[in-house]
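The values are calculated or read from the model by the stated rules, or taken from the named source; none is laboratory data. In this text, all values refer to a predicted model and were calculated from it rather than measured experimentally. For neighbour counting, all protein chains shown are included, and Cβ atoms are generated from backbone atoms with ideal geometry for every residue, glycine included.
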Amino acid sequence: MNTTELYVVTGATGRTGSAAAKTLLHAGKRVRVVVRDKPKGEMWAALGAEVAVADFSDRSALCKAFAGANGAYIVSPPQYSSENLYSQAESMAHSIAEAARVAKLPKLVALSSIGAEQIAGTGWIAMNRMLEESLRDTGLDVTFLRAAYFMENWEALVKMAVQQRKLFSFLSPLNQKFPMIATADIGRIAAEALCENWEGVRIVDLEGPARYSPNDIAKYLSLKFGGAIPSASIAESDWGQSIAGQGFSSAAISGFIEMTQGINSGYIAFHDGLNLERRLGSVQIDAVIDALAVG
Ligand SMILES: NC(=O)c1ccc[n+]([C@@H]2O[C@H](COP(=O)([O-])OP(=O)(O)OC[C@H]3O[C@@H](n4cnc5c(N)ncnc54)[C@H](OP(=O)(O)O)[C@@H]3O)[C@@H](O)[C@H]2O)c1
């Protein structure tokens, strides 16, 4: 009988999920990845992982995927193209929670977001809050990783900056340092958290090794590519137009606007003094920008 702990990783074809699964495999744990399409599991099978096929909307397939595991990492991504993205997120959250409860998962680590403690006014982050609420209701031991703004969110703007020699920014003011984190760090920390033991609900704020302003990123791009690459704020009135055409529903665009307003105003932020645990990643933004700029 194999007595090594078995951990389920959802979102394994995605950014944080793949980093979590790789970290667990390197640590010698048994890993069962959850994919929606079987062929996407082949690479994981070659690395020694078990593969389960399940969509978050399929409670019974999820339940099978969770069966017998010591814990699971949950990534529940928004369905940005849908006008009903909030009700879909709620229904996926219920499905995940019910499957975890039926499978009696000993522990869960779920990716949430900075700002998830706010009841309203956070746009997309309302979906992270829904997941937190559903998983809390299971009574299982659960850790919520409230991650800062992903460094990878800069991808399109960095690529555009290389071409146009100007870094446009949704984040503002341009000299404000915002908490950000690399997805590789989130996945690694998720895997580490999953191997720990705790009781009840644990909230961990996650950010990178330093905070960065849009000006810091523009300065790094100038150094890397030579010559001046200044930063410039995208006017709030242009935000919707700037992300239109990328497959977002109008409800998703409104959510993006509300979330970005909340970040810029400081409403969506980490609050010192709340006695919450905070873990810092090690990946600097320079390394992420290097990869984004050439990727
Ligand atoms: N961007 C930010 O600044 C930020 C900050 C804090 C938190 N977050 C949270 O980060 C999460 C995204 O994490 P990520 O970047 O690791 O994800 P990602 O790279 O976007 O990957 C999403 C993963 O979810 C899977 N998936 C999508 N729909 C599914 C469904 N219906 N059933 C089962 N699996 C499904 C995808 O599988 P397929 O390959 O089959 O599509 C993929 O593996 C979101 O919950 C977001 O709220 C983001």
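Filter the stretch 100-121 down to the residues that are of a type in the set (Val, Ile, Thr), in a loop (DSSP other than H, G, I, E, B) and surrounded by fewer than 23 Cβ atoms within 10 Å (Cβ to Cβ) and list them by number.
Answer for the stretch 100-121, where residues must be of a type in the set (Val, Ile, Thr), in a loop (DSSP other than H, G, I, E, B) and surrounded by fewer than 23 Cβ atoms within 10 Å (Cβ to Cβ): just Ile119.
Could you check, for the stretch 123-142, whether at least one of its residues is crowded, with 21+ Cβ neighbours inside 10 Å, within 24 Å of Arg59 (Cβ to Cβ), more than 11 Å from the ligand (Cβ to nearest atom) and of a type in the set (Lys, Arg)?
No: zero hits.
State whether one or more residues within the stretch 82-94 are under 16 Å from Thr13 (Cα atoms) and not small (Gly, Ala, Ser).
Within the stretch 82-94 (the criterion being under 16 Å from Thr13 (Cα atoms) and not small (Gly, Ala, Ser)), the answer is no, since none of the residues qualifies.
Got a sec? Which of Ser57, Ser76, Ser112 is more than 22 Å from Asp141 (Cβ to Cβ), within 11 Å of the ligand (Cβ to nearest atom), touching a residue at least 24 places away in the same chain (Cβ under 8 Å) and not β-branched (Val, Ile, Thr)?
From the options Ser57, Ser76, Ser112, the qualifying one is Ser57.
Would you please name the residue that is surrounded by the most Cβ atoms within 10 Å (Cβ to Cβ), looking only at residues in the stretch 183-222 that are within 17 Å of Lys107 (Cβ to Cβ) and among the acidic types (Asp, Glu)?
Glu192
Tell me whether the stretch 65-82 contains one or more residues that are assigned to a helix (DSSP H, G or I) and farther than 30 Å from Phe256 by Cβ.
Yes, that holds for at least one residue.
Of all residues in the stretch 13-56, how many are among the charged types (D, E, K, R), under 20 Å from the mean Cα position of the chain (by Cα) and not in a helix (DSSP H, G or I)?
Of the residues in that region, 3 qualify.
Pick out the one residue from Ala93, Ala27, Ala69 that is touching a Lys or Arg at 6+ places or on another chain (Cβ under 7 Å) and either farther than 19 Å from Leu140 by Cβ or more than 10 Å from the ligand (Cβ to nearest atom) (or both).
Ala69
Give the residue, chosen from Phe248, Phe225, that is within 30 Å of Glu83 (Cβ to Cβ) and either at pLDDT 95 or above or surrounded by 12 or more Cβ atoms within 10 Å (Cβ to Cβ) (or both).
None of the others qualify; the one that does is Phe248.
Among the residues of the stretch 145-159, is there at least one that is touching a His at 6+ places or on another chain (Cβ under 7 Å), in contact (Cβ under 8 Å) with a residue 12 or more places away in the chain and assigned to a helix (DSSP H, G or I)?
No: zero hits.
Determine, yes or no, whether Glu207 is more than 15 Å from the ligand (Cβ to nearest atom), within 18 Å of the chain's Cα centre (by Cα) and under 27 Å from Glu277 (Cα atoms).
For Glu207, the condition - more than 15 Å from the ligand (Cβ to nearest atom), within 18 Å of the chain's Cα centre (by Cα) and under 27 Å from Glu277 (Cα atoms) - is not met.
Determine whether the stretch 32-44 contains at least one residue that is out of contact with any His (no Cβ under 7 Å at 6 or more places or on another chain), within 23 Å of Thr183 (Cα to Cα) and among the acidic types (Asp, Glu).
yes
Inspect the stretch 33-49 for any residue being within 11 Å of the ligand (Cβ to nearest atom), free of Cβ contacts under 8 Å to residues at least 12 places away in the same chain and either among the polar types (S, T, N, Q) or loosely packed, with under 14 Cβ neighbours inside 10 Å (or both) and give the result as yes or no.
yes
Suppose we keep only residues that are under 21 Å from the mean Cα position of the chain (by Cα) and either farther than 22 Å from Lys107 by Cβ or of a type in the set (Phe, Trp, Tyr) (or both) within the stretch 57-82. Which one would you say is surrounded by the fewest Cβ atoms within 10 Å (Cβ to Cβ)?
Checked the stretch 57-82; the qualifying residue surrounded by the fewest Cβ atoms within 10 Å (Cβ to Cβ) is Ser81.
Got a number for residues in the stretch 253-269 being of a type outside the set (A, V, I, L, M) and surrounded by 16 or more Cβ atoms within 10 Å (Cβ to Cβ)?
The number of residues fulfilling the criteria is 7.
Does the stretch 1-12 hold any residues that are of a type outside the set (Asp, Glu) and more than 18 Å from the chain's Cα centre (by Cα), and which are they?
Hits for the stretch 1-12 are Met1, Asn2, Thr3, Thr4, Leu6, Tyr7.
So that you can scan it fast, the table gives a plain yes or no per residue for (1) farther than 30 Å from Ile74 by Cα; (2) more than 11 Å from the ligand (Cβ to nearest atom); (3) out of contact with any helix residue (DSSP H, G or I) (no Cβ under 9 Å at 6 or more places or on another chain):
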site	(1), (2), (3)
Leu145	no, no, no
Asn153	no, no, yes
Met160	yes, yes, yes
Ser172	yes, yes, no
